[in-house]
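Trainee: Structure below; questions to follow.
The values are calculated or read from the model by the stated rules, or taken from the named source; none is laboratory data. All values derive from a computational prediction rather than experimental measurement. Note: ideal-geometry Cβ built from the backbone for every residue, glycine included; neighbour counts use all protein chains shown.
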């Protein structure tokens with residue numbers, strides 16, 4: 001049998017009485033050290049606690065061991081095996097995959113749920129759970145920030161908050177936690193490159209550090225106000241707020257260390273299609289006017305009349321594009337501006353006009 005047991009967010013002392021009763025019966029107790037932070041001191045405390053209750057062998061394991069999973073599954077076929085994990089056991093996709101593999105291998109699996117750090121920090125900040133969009137993890141390498149940036153953009157388009165989990169590493173002698181200021185700098189760099197207009201020093205953010213510990217702290221404010229803050233040791237999570245309900249605004253100013261008035265970060269966000277039409281429609285109209293003037297200056301009237309009709313159709317497509325944009329039909333808006341550009345290019349190539 002395989003037991004997937006969450007210890008919650010309060011360290012080894014968060015192990016429930018029910019979980020301890022189960023651990024007494026287990027032959028091996030694996031403790032995962034990648035879904036959440038378990039320090040050497042906490043691991044020793046957990047070891048002392050389980051030993052006190054005559055539990056089985058405790059074996060700390062890293063991510064690769066759980067992802068591989070073969071030893072855990074093989075032993076679970078004939079022994080009572082437990083896998084202890086920070087938070088709730090089924091928040092991490094790696095553990096869900098292990099769960100699925102165990103069931104497919106006809107291994108009986110029981111789950112003991114516990115508090116999750118993700119839902120806990122949402123509640124601690126006073127935000128509404130159902131207003132969160134896709135959650136994303138920020139890693140140290142720059143390419144990760146592009147994925148995070150795009151996720152923020154997608155969430156803001158529909159008014160949702162974005163939860164950013166930050167990288168940490170406990171495979172080394174010293175724990176590594178990605179500093180929130182590093183996250184801010186990376187996102188500012190991506191903004192400079194992509195220019196979607198979703199991230200700046202004026203953006204309102206929440207930084208939650210060490211949730212569930214006595215050193216817990218949740219700060220909120222604009223990026224520029226938090227950029228020089230020493231957030232201390234992690235783990236850290238960052239929330240980019242979307243549209244805010246009035247109760248969320250009140251909670252942020254009451255429950256967090258708040259340095260700026262909570263802001264709706266969705267107000268300046270536009271769909272890429274909106275940005276494209278607003279950018280290209282005026283330019284296309286200008287080019288059409290210039291091309292018509294050039295054609296009028298020529299003497300070959302039959303050909304010029306036909307070209308003018310083509311350019312008129314291009315203007316109609318621009319009109320359609322702007323009308324679709326106002327109606328919220330964004331794909332049709334982009335399609336129409338594309339047709340207009342195509343007709344303009346056709347006339348340009350026909351007359352060898354450069355604009």
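Trainee: Kindly indicate whether residue 20 is outside the structural domain of residue 169 (by TED's automatic domain parsing), closer than 30 Å to residue 215 by Cα and in contact with a helix residue (DSSP H, G or I) (Cβ under 6 Å, 6 or more places away or on another chain). Write out each step before concluding.
Mentor: On the way: outside the structural domain of residue 169 (by TED's automatic domain parsing): yes; closer than 30 Å to residue 215 by Cα: yes; in contact with a helix residue (DSSP H, G or I) (Cβ under 6 Å, 6 or more places away or on another chain): no.
No: the conditions fail for residue 20.
Trainee: While we're on this one: Of the residues that sit in the range 41-72 and are modelled with pLDDT under 85 and assigned to a loop (DSSP other than H, G, I, E, B), which one is surrounded by the fewest Cβ atoms within 10 Å (Cβ to Cβ)?
Mentor: 54
Trainee: In this structure, is residue 103 surrounded by fewer than 21 Cβ atoms within 10 Å (Cβ to Cβ), farther than 18 Å from residue 220 by Cβ and free of Cβ contacts under 8 Å to residues at least 40 places away in the same chain?
Mentor: yes
Trainee: Any idea how many residues of the range 144-159 are assigned to a helix (DSSP H, G or I) and within 21 Å of residue 263 (Cα to Cα)?
Mentor: Looking only at that region, the number is 10.
Trainee: How many residues does the range 197-215 contain that are at negative phi and surrounded by fewer than 20 Cβ atoms within 10 Å (Cβ to Cβ)?
Mentor: Count: 6.
Trainee: Evaluate the range 22-40: report whether one residue or more is free of Cβ contacts under 8 Å to residues at least 40 places away in the same chain, within 30 Å of residue 251 (Cβ to Cβ) and surrounded by fewer than 16 Cβ atoms within 10 Å (Cβ to Cβ).
Mentor: The answer is no, given that none of the residues of the range 22-40 is free of Cβ contacts under 8 Å to residues at least 40 places away in the same chain, within 30 Å of residue 251 (Cβ to Cβ) and surrounded by fewer than 16 Cβ atoms within 10 Å (Cβ to Cβ).
Trainee: Would you kindly identify the helices (runs of 4 or more DSSP H) lying entirely within the range 168-259 that contain at least 1 residues that are touching a residue at least 40 places away in the same chain (Cβ under 8 Å) and closer than 20 Å to residue 129 by Cβ? Give the steps one after another, and end with the answer.
Mentor: Numbers: elements: 180-194, 223-226, 246-255.
By residue number, 246-255.
Trainee: Might you let me know whether the range 322-341 holds any residue that is assigned to a helix (DSSP H, G or I), modelled with pLDDT under 75 and touching a helix residue (DSSP H, G or I) at 6+ places or on another chain (Cβ under 9 Å)?
Mentor: yes
Trainee: Of all residues in the range 216-259 being closer than 17 Å to residue 120 by Cα and at pLDDT below 90, which is surrounded by the most Cβ atoms within 10 Å (Cβ to Cβ)?
Mentor: The extreme case among them is 235.
Trainee: Against the definition (modelled with pLDDT of 85 or more, more than 18 Å from residue 136 (Cβ to Cβ) and out of contact with any helix residue (DSSP H, G or I) (no Cβ under 9 Å at 6 or more places or on another chain)), how does residue 174 come out, yes or no?
Mentor: no
Trainee: Kindly evaluate residue 90 against the criterion of being touching a strand residue (DSSP E or B) at 6+ places or on another chain (Cβ under 8 Å), closer than 28 Å to residue 166 by Cβ, in a loop (DSSP other than H, G, I, E, B) and modelled with pLDDT of 80 or more.
Mentor: yes
Trainee: Here's another thing I want to ask about it. Any idea which residue in the range 109-143 is surrounded by the most Cβ atoms within 10 Å (Cβ to Cβ), counting only those that are part of a loop (DSSP other than H, G, I, E, B) and touching a strand residue (DSSP E or B) at 6+ places or on another chain (Cβ under 7 Å)? Step through it out loud before you land on a result.
Mentor: Residues of the range 109-143 that are part of a loop (DSSP other than H, G, I, E, B), as a first pass: 113-116, 126-128, 133-135, 139-141.
Still in the running and touching a strand residue (DSSP E or B) at 6+ places or on another chain (Cβ under 7 Å): 113-116, 127, 133, 135.
Numbers: 113: 15, 114: 22, 115: 18, 116: 22, 127: 25, 133: 19, 135: 15.
Filtering the range 109-143 for residues that are part of a loop (DSSP other than H, G, I, E, B) and touching a strand residue (DSSP E or B) at 6+ places or on another chain (Cβ under 7 Å), the one surrounded by the most Cβ atoms within 10 Å (Cβ to Cβ) comes out as 127.
Trainee: Evaluate the range 275-296: report whether one residue or more is at pLDDT below 95, under 24 Å from the mean Cα position of the chain (by Cα) and in a helix (DSSP H, G or I).
Mentor: So far as the range 275-296 goes, yes, one or more of its residues are at pLDDT below 95, under 24 Å from the mean Cα position of the chain (by Cα) and in a helix (DSSP H, G or I).
Trainee: Further question on the same structure: Can you name the residue in the range 86-100 that is in contact with a helix residue (DSSP H, G or I) (Cβ under 6 Å, 6 or more places away or on another chain) and farther than 30 Å from residue 262 by Cα and is also surrounded by the most Cβ atoms within 10 Å (Cβ to Cβ) among such residues? Full working, then the answer.
Mentor: Within the range 86-100, the first condition is being in contact with a helix residue (DSSP H, G or I) (Cβ under 6 Å, 6 or more places away or on another chain), and the residues that meet it are 87, 89-90, 94.
Checking the rest, the ones that are also farther than 30 Å from residue 262 by Cα come to 89-90, 94.
Numbers: 89: 25, 90: 16, 94: 15.
Across the range 86-100, the extreme among qualifying residues is 89.
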